[in-house]
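Everything below concerns the one structure shown next.
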Amino acid sequence: MPSMRVAVPIMSLLILSSCTEPNPYLGICGNGVHEPEFDEECDDGAGNGDASECSMTCQLASCGDGLVQPGEECDFGDQNSNNGECTLTCQFATCGDDFVQGSELCDDGDANRWPADGTPGCSIYCDLLPYCGDGDVQADLGEECDDANDIDDDACTNACKATICGDGVLQGDEECDDGNTIDTDGCTNACTYAFCGDGIVLEGKEECDDANDDNSDACLSTCFAATCGDGVLHEGVEECDDGNVDPDDGCNDACLIDREVFVTKELTDAGELMGIDGADALCQAEAELHDLAAPARFRAWLSDSKSSPSTRFATRNARYVLVDGSVIADDWDDLTDGQLSHPIDRFADGEVANEIVWTSTRATGEASDSGEFCGDWSVSDETYARQGATTLTDGRWTDLPDAGNCFEIACLYCFRD
(Lines give C-alpha, C1' and ligand atoms only; values in the text may rest on other atoms or scores of the structure.)
Protein backbone atom coordinates (compact mmCIF):
# COMPACT_ATOMS: atom_id res chain seq x y z
CA MET A 1 0.00 0.00 0.00
CA PRO A 2 1.54 3.42 -0.95
CA SER A 3 2.15 5.91 1.80
CA MET A 4 -0.73 8.21 2.63
CA ARG A 5 -0.47 11.52 0.89
CA VAL A 6 -2.56 14.65 1.40
CA ALA A 7 -4.07 16.33 -1.62
CA VAL A 8 -3.55 20.14 -1.52
CA PRO A 9 -5.58 22.52 -3.71
CA ILE A 10 -3.34 23.56 -6.60
CA MET A 11 -4.36 27.24 -6.80
CA SER A 12 -3.34 27.80 -3.21
CA LEU A 13 0.03 26.35 -3.94
CA LEU A 14 0.51 28.50 -7.01
CA ILE A 15 0.13 31.68 -4.93
CA LEU A 16 3.02 30.61 -2.81
CA SER A 17 5.23 29.54 -5.68
CA SER A 18 7.55 31.48 -7.83
CA CYS A 19 7.88 30.96 -11.56
CA THR A 20 11.59 30.96 -11.28
CA GLU A 21 11.83 28.41 -8.52
CA PRO A 22 11.48 24.63 -8.90
CA ASN A 23 7.82 23.50 -8.84
CA PRO A 24 7.17 22.65 -5.21
CA TYR A 25 3.91 20.78 -6.11
CA LEU A 26 5.50 17.96 -7.94
CA GLY A 27 4.66 14.57 -6.32
CA ILE A 28 1.59 16.04 -4.66
CA CYS A 29 -1.57 13.81 -5.03
CA GLY A 30 -4.30 16.05 -6.36
CA ASN A 31 -2.19 18.25 -8.58
CA GLY A 32 -3.91 16.70 -11.58
CA VAL A 33 -0.66 15.22 -12.90
CA HIS A 34 -0.25 11.44 -13.00
CA GLU A 35 3.18 10.93 -11.52
CA PRO A 36 4.04 7.22 -11.45
CA GLU A 37 7.45 8.05 -10.04
CA PHE A 38 5.67 9.07 -6.91
CA ASP A 39 3.72 5.76 -6.81
CA GLU A 40 0.60 7.37 -8.23
CA GLU A 41 -1.69 5.11 -10.23
CA CYS A 42 -3.82 8.09 -11.24
CA ASP A 43 -4.44 11.77 -10.41
CA ASP A 44 -7.66 13.42 -11.47
CA GLY A 45 -6.98 16.49 -9.40
CA ALA A 46 -10.23 17.82 -7.98
CA GLY A 47 -11.95 14.66 -9.37
CA ASN A 48 -10.12 12.42 -6.97
CA GLY A 49 -12.47 10.86 -4.39
CA ASP A 50 -13.25 7.70 -2.46
CA ALA A 51 -16.22 7.07 -4.72
CA SER A 52 -14.32 7.98 -7.87
CA GLU A 53 -12.27 5.98 -10.28
CA CYS A 54 -9.17 7.59 -8.77
CA SER A 55 -9.09 7.71 -5.01
CA MET A 56 -7.97 10.52 -2.71
CA THR A 57 -4.64 8.72 -2.48
CA CYS A 58 -4.20 8.68 -6.25
CA GLN A 59 -4.76 4.94 -6.49
CA LEU A 60 -7.07 3.30 -9.02
CA ALA A 61 -10.26 2.00 -7.44
CA SER A 62 -10.23 -1.79 -6.93
CA CYS A 63 -12.22 -4.42 -5.06
CA GLY A 64 -10.51 -4.98 -1.75
CA ASP A 65 -9.38 -1.42 -1.22
CA GLY A 66 -12.04 -0.93 1.43
CA LEU A 67 -13.87 1.65 -0.68
CA VAL A 68 -17.16 1.05 -2.45
CA GLN A 69 -16.78 2.25 -6.03
CA PRO A 70 -19.13 2.05 -8.99
CA GLY A 71 -20.00 -1.57 -9.83
CA GLU A 72 -19.27 -2.72 -6.32
CA GLU A 73 -21.97 -3.60 -3.83
CA CYS A 74 -19.59 -3.75 -0.91
CA ASP A 75 -15.90 -3.66 -0.02
CA PHE A 76 -14.61 -4.68 3.36
CA GLY A 77 -11.03 -4.52 2.27
CA ASP A 78 -9.01 -7.48 3.50
CA GLN A 79 -12.18 -8.79 5.19
CA ASN A 80 -13.69 -9.60 1.81
CA SER A 81 -14.24 -13.40 1.55
CA ASN A 82 -16.14 -15.73 -0.69
CA ASN A 83 -17.44 -17.30 2.49
CA GLY A 84 -18.40 -14.00 4.05
CA GLU A 85 -20.96 -11.25 3.59
CA CYS A 86 -18.90 -9.46 0.92
CA THR A 87 -17.21 -11.64 -1.65
CA LEU A 88 -13.84 -11.21 -3.31
CA THR A 89 -15.71 -9.66 -6.24
CA CYS A 90 -17.16 -7.00 -3.92
CA GLN A 91 -20.68 -8.33 -4.30
CA PHE A 92 -22.97 -9.20 -1.45
CA ALA A 93 -23.18 -12.96 -0.94
CA THR A 94 -26.31 -14.52 -2.52
CA CYS A 95 -27.67 -17.99 -3.35
CA GLY A 96 -26.55 -18.87 -6.85
CA ASP A 97 -23.15 -17.17 -6.72
CA ASP A 98 -21.41 -20.58 -6.52
CA PHE A 99 -20.17 -19.88 -2.97
CA VAL A 100 -21.58 -21.37 0.22
CA GLN A 101 -22.24 -18.58 2.71
CA GLY A 102 -24.21 -18.07 5.88
CA SER A 103 -27.10 -20.47 6.28
CA GLU A 104 -26.62 -21.95 2.81
CA LEU A 105 -26.10 -25.71 2.75
CA CYS A 106 -24.86 -25.71 -0.81
CA ASP A 107 -24.42 -23.47 -3.84
CA ASP A 108 -23.69 -24.85 -7.28
CA GLY A 109 -24.20 -21.53 -9.05
CA ASP A 110 -25.90 -21.96 -12.39
CA ALA A 111 -26.26 -25.67 -11.65
CA ASN A 112 -28.73 -25.02 -8.85
CA ARG A 113 -32.07 -26.52 -9.91
CA TRP A 114 -35.68 -27.18 -9.01
CA PRO A 115 -37.80 -29.24 -8.79
CA ALA A 116 -36.07 -32.24 -7.28
CA ASP A 117 -35.61 -35.20 -9.61
CA GLY A 118 -34.34 -37.81 -7.16
CA THR A 119 -30.63 -37.26 -7.78
CA PRO A 120 -28.21 -35.33 -5.52
CA GLY A 121 -27.67 -31.62 -6.08
CA CYS A 122 -28.41 -28.12 -4.84
CA SER A 123 -31.74 -26.34 -5.09
CA ILE A 124 -32.35 -22.77 -6.19
CA TYR A 125 -32.77 -22.05 -2.49
CA CYS A 126 -29.30 -23.38 -1.72
CA ASP A 127 -30.70 -26.37 0.13
CA LEU A 128 -29.62 -29.92 -0.61
CA LEU A 129 -32.02 -31.60 -3.02
CA PRO A 130 -33.75 -34.73 -1.71
CA TYR A 131 -32.55 -37.91 -3.42
CA CYS A 132 -32.65 -41.68 -3.09
CA GLY A 133 -30.03 -42.51 -0.51
CA ASP A 134 -30.37 -39.47 1.73
CA GLY A 135 -32.17 -41.47 4.41
CA ASP A 136 -35.49 -39.66 4.06
CA VAL A 137 -38.40 -41.31 2.27
CA GLN A 138 -39.64 -38.95 -0.44
CA ALA A 139 -43.05 -40.30 -1.40
CA ASP A 140 -43.54 -37.58 -4.01
CA LEU A 141 -40.41 -38.88 -5.74
CA GLY A 142 -41.84 -42.40 -5.76
CA GLU A 143 -39.64 -43.70 -2.97
CA GLU A 144 -40.98 -46.63 -0.96
CA CYS A 145 -38.04 -46.67 1.43
CA ASP A 146 -34.64 -45.05 1.93
CA ASP A 147 -32.03 -46.77 4.06
CA ALA A 148 -29.21 -44.38 3.06
CA ASN A 149 -26.89 -47.16 1.92
CA ASP A 150 -25.72 -48.60 -1.37
CA ILE A 151 -26.54 -52.21 -0.50
CA ASP A 152 -28.87 -53.36 -3.25
CA ASP A 153 -29.85 -56.75 -1.85
CA ASP A 154 -31.22 -55.69 1.54
CA ALA A 155 -34.85 -54.81 2.26
CA CYS A 156 -34.56 -51.49 0.40
CA THR A 157 -32.96 -51.43 -3.05
CA ASN A 158 -30.68 -48.72 -4.37
CA ALA A 159 -33.68 -47.42 -6.29
CA CYS A 160 -35.45 -46.86 -2.95
CA LYS A 161 -37.97 -49.58 -3.66
CA ALA A 162 -38.96 -52.30 -1.23
CA THR A 163 -37.52 -55.58 -2.46
CA ILE A 164 -40.08 -57.96 -3.94
CA CYS A 165 -39.91 -61.07 -6.09
CA GLY A 166 -39.57 -59.88 -9.67
CA ASP A 167 -37.61 -56.70 -9.04
CA GLY A 168 -34.41 -58.25 -10.37
CA VAL A 169 -32.65 -58.07 -6.98
CA LEU A 170 -31.78 -61.32 -5.24
CA GLN A 171 -32.51 -61.07 -1.54
CA GLY A 172 -33.84 -62.95 1.45
CA ASP A 173 -34.96 -66.50 0.75
CA GLU A 174 -35.20 -65.96 -3.02
CA GLU A 175 -33.40 -68.59 -5.09
CA CYS A 176 -33.41 -66.34 -8.14
CA ASP A 177 -34.91 -63.09 -9.39
CA ASP A 178 -34.81 -62.38 -13.10
CA GLY A 179 -36.85 -59.19 -12.91
CA ASN A 180 -39.75 -60.37 -15.07
CA THR A 181 -43.17 -61.97 -14.78
CA ILE A 182 -42.48 -64.83 -17.17
CA ASP A 183 -43.29 -67.97 -15.23
CA THR A 184 -41.99 -70.41 -17.83
CA ASP A 185 -38.33 -69.38 -17.91
CA GLY A 186 -35.69 -70.68 -15.53
CA CYS A 187 -36.85 -68.52 -12.62
CA THR A 188 -40.53 -68.72 -11.63
CA ASN A 189 -42.73 -65.88 -10.45
CA ALA A 190 -42.19 -67.19 -6.93
CA CYS A 191 -38.46 -66.51 -7.35
CA THR A 192 -37.60 -70.20 -7.20
CA TYR A 193 -35.65 -72.18 -9.76
CA ALA A 194 -37.90 -74.08 -12.16
CA PHE A 195 -37.83 -77.85 -11.82
CA CYS A 196 -39.72 -80.80 -13.22
CA GLY A 197 -42.66 -81.36 -10.91
CA ASP A 198 -43.35 -77.75 -9.97
CA GLY A 199 -46.48 -77.61 -12.12
CA ILE A 200 -45.01 -75.04 -14.51
CA VAL A 201 -43.93 -76.03 -18.01
CA LEU A 202 -40.36 -74.79 -18.50
CA GLU A 203 -40.23 -73.43 -22.04
CA GLY A 204 -37.84 -75.28 -24.29
CA LYS A 205 -37.04 -77.85 -21.60
CA GLU A 206 -40.29 -79.51 -20.59
CA GLU A 207 -43.20 -80.76 -22.68
CA CYS A 208 -45.53 -80.88 -19.69
CA ASP A 209 -45.52 -80.60 -15.92
CA ASP A 210 -48.44 -81.93 -13.90
CA ALA A 211 -46.72 -81.54 -10.52
CA ASN A 212 -46.76 -85.24 -9.73
CA ASP A 213 -44.58 -88.30 -10.22
CA ASP A 214 -47.35 -90.50 -11.58
CA ASN A 215 -46.03 -92.08 -14.76
CA SER A 216 -49.37 -93.54 -15.76
CA ASP A 217 -50.97 -90.21 -16.68
CA ALA A 218 -50.44 -87.97 -19.71
CA CYS A 219 -47.24 -86.40 -18.32
CA LEU A 220 -44.32 -88.53 -17.23
CA SER A 221 -42.26 -87.79 -14.14
CA THR A 222 -39.54 -86.62 -16.55
CA CYS A 223 -41.89 -83.84 -17.73
CA PHE A 224 -42.23 -85.33 -21.19
CA ALA A 225 -45.61 -86.16 -22.64
CA ALA A 226 -46.56 -89.81 -22.50
CA THR A 227 -46.25 -91.39 -25.95
CA CYS A 228 -46.68 -94.84 -27.34
CA GLY A 229 -43.30 -96.52 -27.25
CA ASP A 230 -41.91 -94.80 -24.18
CA GLY A 231 -42.21 -98.00 -22.15
CA VAL A 232 -44.66 -96.48 -19.66
CA LEU A 233 -48.31 -97.52 -19.68
CA HIS A 234 -50.62 -94.53 -20.03
CA GLU A 235 -53.73 -95.64 -18.19
CA GLY A 236 -57.00 -95.24 -20.04
CA VAL A 237 -55.17 -94.49 -23.29
CA GLU A 238 -52.74 -97.32 -23.90
CA GLU A 239 -53.42 -101.02 -23.52
CA CYS A 240 -49.73 -101.80 -23.58
CA ASP A 241 -46.38 -100.10 -24.01
CA ASP A 242 -43.37 -102.29 -24.59
CA GLY A 243 -40.98 -99.45 -25.25
CA ASN A 244 -40.99 -99.76 -29.02
CA VAL A 245 -43.27 -99.19 -32.01
CA ASP A 246 -42.87 -102.64 -33.55
CA PRO A 247 -46.37 -103.58 -34.74
CA ASP A 248 -45.59 -107.30 -34.85
CA ASP A 249 -44.70 -108.07 -31.24
CA GLY A 250 -48.16 -108.19 -29.65
CA CYS A 251 -48.22 -104.49 -28.73
CA ASN A 252 -48.52 -102.42 -31.87
CA ASP A 253 -47.36 -98.94 -32.76
CA ALA A 254 -50.60 -97.50 -31.37
CA CYS A 255 -49.93 -99.28 -28.06
CA LEU A 256 -52.91 -101.56 -28.53
CA ILE A 257 -52.79 -105.26 -27.75
CA ASP A 258 -53.43 -107.73 -30.56
CA ARG A 259 -57.05 -108.94 -30.50
CA GLU A 260 -57.15 -112.73 -30.37
CA VAL A 261 -59.77 -114.48 -32.47
CA PHE A 262 -60.79 -118.14 -32.23
CA VAL A 263 -63.56 -120.55 -33.11
CA THR A 264 -65.59 -122.27 -30.39
CA LYS A 265 -65.21 -126.02 -30.24
CA GLU A 266 -68.69 -126.37 -28.82
CA LEU A 267 -71.28 -126.82 -31.54
CA THR A 268 -74.73 -125.53 -30.82
CA ASP A 269 -78.04 -125.00 -32.56
CA ALA A 270 -79.37 -121.47 -32.69
CA GLY A 271 -81.89 -121.85 -29.90
CA GLU A 272 -79.31 -123.09 -27.42
CA LEU A 273 -77.45 -119.77 -27.64
CA MET A 274 -80.29 -118.02 -25.80
CA GLY A 275 -79.60 -114.72 -27.52
CA ILE A 276 -76.45 -112.72 -28.17
CA ASP A 277 -75.68 -112.50 -24.46
CA GLY A 278 -75.60 -116.29 -24.32
CA ALA A 279 -73.32 -116.40 -27.34
CA ASP A 280 -70.95 -113.91 -25.69
CA ALA A 281 -70.96 -116.02 -22.53
CA LEU A 282 -70.01 -119.11 -24.53
CA CYS A 283 -67.03 -117.25 -26.06
CA GLN A 284 -65.97 -115.96 -22.66
CA ALA A 285 -66.13 -119.43 -21.11
CA GLU A 286 -63.90 -121.01 -23.76
CA ALA A 287 -61.42 -118.08 -23.52
CA GLU A 288 -61.17 -118.51 -19.76
CA LEU A 289 -60.73 -122.24 -20.19
CA HIS A 290 -57.62 -121.60 -22.27
CA ASP A 291 -56.32 -118.60 -20.26
CA LEU A 292 -57.12 -116.06 -22.97
CA ALA A 293 -59.63 -113.96 -21.09
CA ALA A 294 -57.88 -112.33 -18.13
CA PRO A 295 -58.49 -109.44 -18.07
CA ALA A 296 -60.00 -109.29 -21.57
CA ARG A 297 -63.60 -109.88 -22.59
CA PHE A 298 -64.58 -111.91 -25.65
CA ARG A 299 -67.68 -111.35 -27.77
CA ALA A 300 -69.36 -113.48 -30.46
CA TRP A 301 -69.25 -112.29 -34.08
CA LEU A 302 -73.05 -112.39 -34.28
CA SER A 303 -75.91 -110.09 -35.30
CA ASP A 304 -79.55 -110.03 -34.30
CA SER A 305 -82.48 -107.75 -35.08
CA LYS A 306 -81.14 -105.01 -32.83
CA SER A 307 -77.33 -105.11 -33.03
CA SER A 308 -74.30 -106.31 -34.93
CA PRO A 309 -70.51 -106.47 -34.48
CA SER A 310 -70.32 -102.99 -36.08
CA THR A 311 -72.35 -101.62 -33.16
CA ARG A 312 -71.15 -103.94 -30.38
CA PHE A 313 -67.44 -104.14 -31.11
CA ALA A 314 -64.86 -101.41 -30.49
CA THR A 315 -63.49 -100.42 -33.89
CA ARG A 316 -59.86 -100.51 -32.82
CA ASN A 317 -56.63 -99.95 -34.71
CA ALA A 318 -55.23 -103.13 -33.20
CA ARG A 319 -54.35 -106.23 -35.20
CA TYR A 320 -56.62 -109.26 -35.20
CA VAL A 321 -54.65 -112.49 -34.77
CA LEU A 322 -55.31 -116.18 -34.22
CA VAL A 323 -54.11 -117.85 -31.04
CA ASP A 324 -51.10 -119.15 -32.97
CA GLY A 325 -50.12 -115.57 -33.90
CA SER A 326 -51.32 -115.63 -37.50
CA VAL A 327 -52.60 -112.20 -38.53
CA ILE A 328 -56.08 -112.14 -40.03
CA ALA A 329 -56.34 -108.32 -40.29
CA ASP A 330 -54.22 -105.28 -39.42
CA ASP A 331 -57.12 -103.31 -37.90
CA TRP A 332 -60.90 -102.97 -37.96
CA ASP A 333 -60.97 -101.45 -41.42
CA ASP A 334 -58.85 -104.30 -42.74
CA LEU A 335 -61.08 -106.81 -40.96
CA THR A 336 -64.24 -105.46 -42.61
CA ASP A 337 -62.98 -104.80 -46.14
CA GLY A 338 -64.19 -108.21 -47.44
CA GLN A 339 -60.83 -109.97 -47.50
CA LEU A 340 -58.98 -111.56 -44.58
CA SER A 341 -55.22 -112.08 -44.55
CA HIS A 342 -55.73 -115.53 -43.06
CA PRO A 343 -58.85 -117.66 -42.46
CA ILE A 344 -60.20 -117.79 -38.93
CA ASP A 345 -59.47 -121.48 -38.57
CA ARG A 346 -58.14 -122.04 -35.05
CA PHE A 347 -59.86 -123.16 -31.87
CA ALA A 348 -58.84 -121.56 -28.57
CA ASP A 349 -56.43 -124.42 -27.96
CA GLY A 350 -54.69 -123.76 -31.30
CA GLU A 351 -56.05 -126.77 -33.16
CA VAL A 352 -57.20 -126.29 -36.74
CA ALA A 353 -60.92 -125.66 -37.18
CA ASN A 354 -62.85 -126.65 -40.31
CA GLU A 355 -66.34 -125.63 -39.34
CA ILE A 356 -69.52 -123.79 -40.24
CA VAL A 357 -70.18 -120.76 -38.03
CA TRP A 358 -73.36 -118.92 -36.99
CA THR A 359 -73.03 -115.19 -37.97
CA SER A 360 -76.02 -113.53 -39.72
CA THR A 361 -73.39 -110.84 -40.34
CA ARG A 362 -71.97 -109.36 -43.51
CA ALA A 363 -68.25 -108.87 -44.11
CA THR A 364 -68.70 -105.21 -43.19
CA GLY A 365 -69.66 -106.21 -39.67
CA GLU A 366 -73.26 -105.17 -40.18
CA ALA A 367 -76.31 -107.42 -39.83
CA SER A 368 -77.18 -109.71 -42.72
CA ASP A 369 -79.58 -108.34 -45.34
CA SER A 370 -81.79 -111.39 -45.00
CA GLY A 371 -83.01 -110.33 -41.58
CA GLU A 372 -82.99 -113.94 -40.42
CA PHE A 373 -81.64 -114.39 -36.88
CA CYS A 374 -83.36 -117.54 -35.62
CA GLY A 375 -85.68 -115.50 -33.44
CA ASP A 376 -82.73 -113.50 -32.19
CA TRP A 377 -80.96 -116.77 -31.45
CA SER A 378 -83.70 -118.18 -29.26
CA VAL A 379 -85.38 -120.86 -31.47
CA SER A 380 -84.22 -124.08 -33.05
CA ASP A 381 -86.61 -124.64 -35.90
CA GLU A 382 -86.74 -124.72 -39.68
CA THR A 383 -86.25 -120.98 -40.08
CA TYR A 384 -82.95 -119.76 -41.41
CA ALA A 385 -79.90 -117.70 -40.46
CA ARG A 386 -76.71 -116.82 -42.28
CA GLN A 387 -73.51 -118.73 -41.64
CA GLY A 388 -69.80 -118.45 -42.43
CA ALA A 389 -66.97 -120.89 -43.09
CA THR A 390 -63.66 -121.08 -41.21
CA THR A 391 -61.73 -122.12 -44.31
CA LEU A 392 -62.48 -118.98 -46.36
CA THR A 393 -60.88 -115.52 -46.48
CA ASP A 394 -63.24 -113.64 -48.80
CA GLY A 395 -66.60 -112.28 -47.67
CA ARG A 396 -67.93 -115.80 -47.33
CA TRP A 397 -65.93 -116.26 -44.15
CA THR A 398 -68.95 -114.63 -42.51
CA ASP A 399 -71.66 -114.62 -45.18
CA LEU A 400 -72.15 -117.83 -47.16
CA PRO A 401 -74.61 -117.67 -50.06
CA ASP A 402 -76.88 -120.30 -48.53
CA ALA A 403 -78.45 -119.98 -45.09
CA GLY A 404 -78.68 -122.77 -42.56
CA ASN A 405 -81.68 -124.03 -40.63
CA CYS A 406 -81.84 -122.83 -37.08
CA PHE A 407 -81.96 -126.41 -35.81
CA GLU A 408 -78.55 -127.15 -37.31
CA ILE A 409 -75.45 -127.09 -35.13
CA ALA A 410 -72.52 -124.74 -35.82
CA CYS A 411 -69.67 -122.92 -34.09
CA LEU A 412 -69.13 -119.21 -33.21
CA TYR A 413 -66.34 -116.77 -34.03
CA CYS A 414 -65.06 -115.21 -30.80
CA PHE A 415 -63.22 -111.85 -30.80
CA ARG A 416 -61.37 -110.20 -28.01
CA ASP A 417 -63.04 -106.85 -27.40
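Can you tell me, using C-alpha contacts under 8 Å and at least 6 residues apart, the relative contact order of the chain as a whole percent? Once divided by the residue count of the chain, the mean separation gives 8 percent. Let a ≥ b ≥ c be the square roots of the eigenvalues of the Cα gyration tensor of the chain; is it rounded (a/c under 1.5), or, if not, prolate (a/b larger than b/c) or oblate? It comes out prolate by the Cα gyration axes. Applying a DSSP loop filter and a limit of 16 other Cβ atoms within 10 Å to the chymotrypsin sites (Phe, Trp or Tyr not before Pro) in region 178-225 leaves F195, F224. Straight-line reach from K161: taking Cα to Cα under 22 Å and skipping same-chain neighbours fewer than 8 places apart, no lysines fall in range. For the chain, what is the percent of antiparallel DSSP beta bridges, rounded to the nearest 5? Around 80 percent of the beta bridges assigned by DSSP in the chain are antiparallel ones.
The phi-based Karplus calculation (6.51 cos²θ - 1.76 cosθ + 1.60; θ = phi - 60°) puts the 3J(HN,Hα) values of region 377-382 at 6, 10, 10, 10, 9, 8 Hz, whole numbers, x for Gly and Pro. Per-residue ellipticity at 222 nm computed for the chain from its helices equals -2000 deg cm²/dmol, with DSSP H segments shorter than 4 residues left out and the rest contributing -39,500 (n - 2.57). Rolling a 1.4 Å probe over the protein heavy atoms leaves E85 with an accessible area of roughly 120 Å².
Assuming a ≥ b ≥ c are the square roots of the Cα gyration tensor eigenvalues, decide whether region 115-196 counts as rounded (a/c under 1.5), prolate (otherwise, with a/b larger than b/c) or oblate. Because a/c hits 1.5 or more and a/b exceeds b/c, region 115-196 counts as prolate. Label-to-label distance for S62 and D349 is 13.9 nm, based on points extended 7 Å past Cα in the beta-carbon direction. Here region 131-179 is assigned +1 on the Cβ of each Lys and Arg and -1 on the Cβ of each Asp and Glu. Its dipole about the Cα centre then comes out at about 120 debye. Other residues whose C-beta falls under 11 angstrom from the C-beta of F298 contribute a net charge of -1, scoring Lys and Arg +1 and Asp and Glu -1.
Here the extension length gained between D253 and E235 equals 4.9 nm, from 0.36 nm per residue of separation less the Cα-Cα distance.
Which of N82, G133, C191 sits farthest toward the positive end of the charge dipole of the chain, with +1 on the Cβ of Lys and Arg and -1 on the Cβ of Asp and Glu? Projecting each Cα onto the dipole axis, the largest value belongs to C191.
Set Lys and Arg Cβ to +1 and Asp and Glu Cβ to -1, take the dipole of region 245-353 about its Cα centre, and tell me which of A353, L289, S303 lies farthest positive. Value: S303.
Extension gain, H342 to D291: 0.36 nm times the residue separation minus the Cα-Cα distance gives 16.1 nm.
Helix 275-289 and the longest principal axis of the C-alpha atoms of the chain enclose an angle of approximately 80°. Taken along the Cα-to-beta-carbon direction at a fixed 7 Å, the label points for C208 and I151 span 4.7 nm. A 1.4 Å probe run over the chain, with the rest of the protein chains in place, finds 52 Å² accessible per residue. Take every pair of alpha-carbon atoms less than 8 Å apart whose residues are at least six positions apart; their mean separation over the length of region 360-417 yields a relative contact order of 33 percent. Only the Cβ atoms of Lys and Arg (+1) and of Asp and Glu (-1) were treated as charged; on that basis the dipole of the chain about its Cα centre amounts to roughly 1540 debye.
Taking a ≥ b ≥ c as the square roots of the eigenvalues of the alpha-carbon gyration tensor, region 330-377 is classed oblate because a/c is 1.5 or more while a/b is no larger than b/c. Straightening the chain between E73 and D110 buys 11.3 nm, computed as 0.36 nm per residue apart minus the Cα-Cα spacing. Simple rule: put +1 on each Lys or Arg Cβ and -1 on each Asp or Glu Cβ in the chain, find the dipole, and look at W377, V169, F415; the Cα lying farthest toward the positive end is W377.
Summarise the accessible area of the chain (1.4 Å probe, protein heavy atoms) by the percent that is carbon and sulfur. Its accessible area is 52 percent carbon and sulfur atoms.
The values are calculated or read from the model by the stated rules, or taken from the named source; none is laboratory data. Every value quoted in this text rests on a predicted model; they were computed, and no experiment measured them. In this analysis, Cβ positions are derived from the backbone assuming ideal geometry, glycine residues included, and neighbour counts consider all displayed protein chains. Accessible surface is based on the protein model in full, side chains and every heavy atom, while ligands, DNA and RNA are left aside. Shrake-Rupley method; radii C 1.70, N 1.55, O 1.52, S 1.80 Å.
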